[in-house]
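Peer 1: Below: one structure in structure tokens.
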Amino acid sequence: MSVPQIIALCVTEIIGDFGYKWFAEKGGIIPFAIGTVGYIGVVTMLIVALQGSTILMVNGAWDGISGLLESTAAFVFLGERFHHPLQYLGLLMIAAGLYFLKIPLNKKHEFVMPTLFHSLLK
């Protein structure tokens, strides 16, 4: 797992979330398709991030970076705002938590596509 992989995971999650939010409010096949493709991307990126890392690290990094990126996107693109100023402090604390996780900037080994039927091939 690396910072770029987690950011890619979060961006695909944002695409899925925004597509499904659009679908939930207005309906339509296009928003549903955008949400679905976004979440197919989430599954793919999660598999890539988990290879050679731990669920503990990937989940912490994903939750934190996703919270910051999706909150920023909702603030900028959807015009959403918090109701209390201390909620913004909460986002700053998430950023501090990410710093303390010491997420690697580069992945130590290349991704190797796992076989789907590994147990059948032995």
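No lab work stands behind these numbers, since they all come straight from the coordinates. Quick caveat: nothing in here was measured; it's all calculated off a predicted structure. Positions of Cβ are generated from backbone atoms using ideal geometry, with glycine treated the same way; all protein chains shown enter the neighbour counts.
Peer 1: On a straight-distance basis, which aspartates and glutamates could pair with K102 in a cross-link, Cα separation under 19 angstrom, same-chain partners fewer than 8 positions away excluded?
Peer 2: D63
Peer 1: Calculate the dipole size of the range 3-107 relative to its Cα centre from +1 charges on Lys and Arg beta carbons and -1 charges on Asp and Glu beta carbons; express the result in debye to the nearest 20.
Peer 2: In total the dipole reaches around 140 debye.
Peer 1: Which of Y88, F117, L69 sits farthest toward the positive end of the charge dipole of the range 51-122, with +1 on the Cβ of Lys and Arg and -1 on the Cβ of Asp and Glu?
Peer 2: Ranked along the dipole, the leading option is F117.
Peer 1: Sort 110-116, 60-66 by packing, meaning the average of other beta carbons within 10 Å per residue, with the highest value first.
Peer 2: 60-66, 110-116
Peer 1: Run the numbers for E70 and M93: contour at 0.36 nm per residue of separation, minus the present Cα-Cα distance, in nm.
Peer 2: My answer for the length gained is 6.7 nm.
Peer 1: Restricting to Cα pairs below 8 Å that are 6+ residues apart, what does the relative contact order work out to for the chain? Please round to a whole percent.
Peer 2: 35
Peer 1: In deg cm²/dmol and to the nearest 500, what is the mean residue ellipticity at 222 nm of the chain if only DSSP H runs of at least 4 residues count, each as -39500 (n - 2.57), divided by the residue total?
Peer 2: -24500 deg cm²/dmol
Peer 1: Roughly speaking, what % of Cα-Cα pairs in the chain are separated by over 19 Å, rounded to a whole number?
Peer 2: More than 19 Å apart: 56 percent of the Cα pairs in the chain.
Peer 1: With a point put 7 Å past each Cα toward its Cβ, work out how far V37 is from K21 in nm, to one decimal.
Peer 2: The answer from the label model is 1.9 nm.
Peer 1: Sort 72-79, 34-41 for me by packing, meaning the mean count of neighbouring Cβ atoms within 10 Å per residue, highest on top.
Peer 2: 34-41, 72-79
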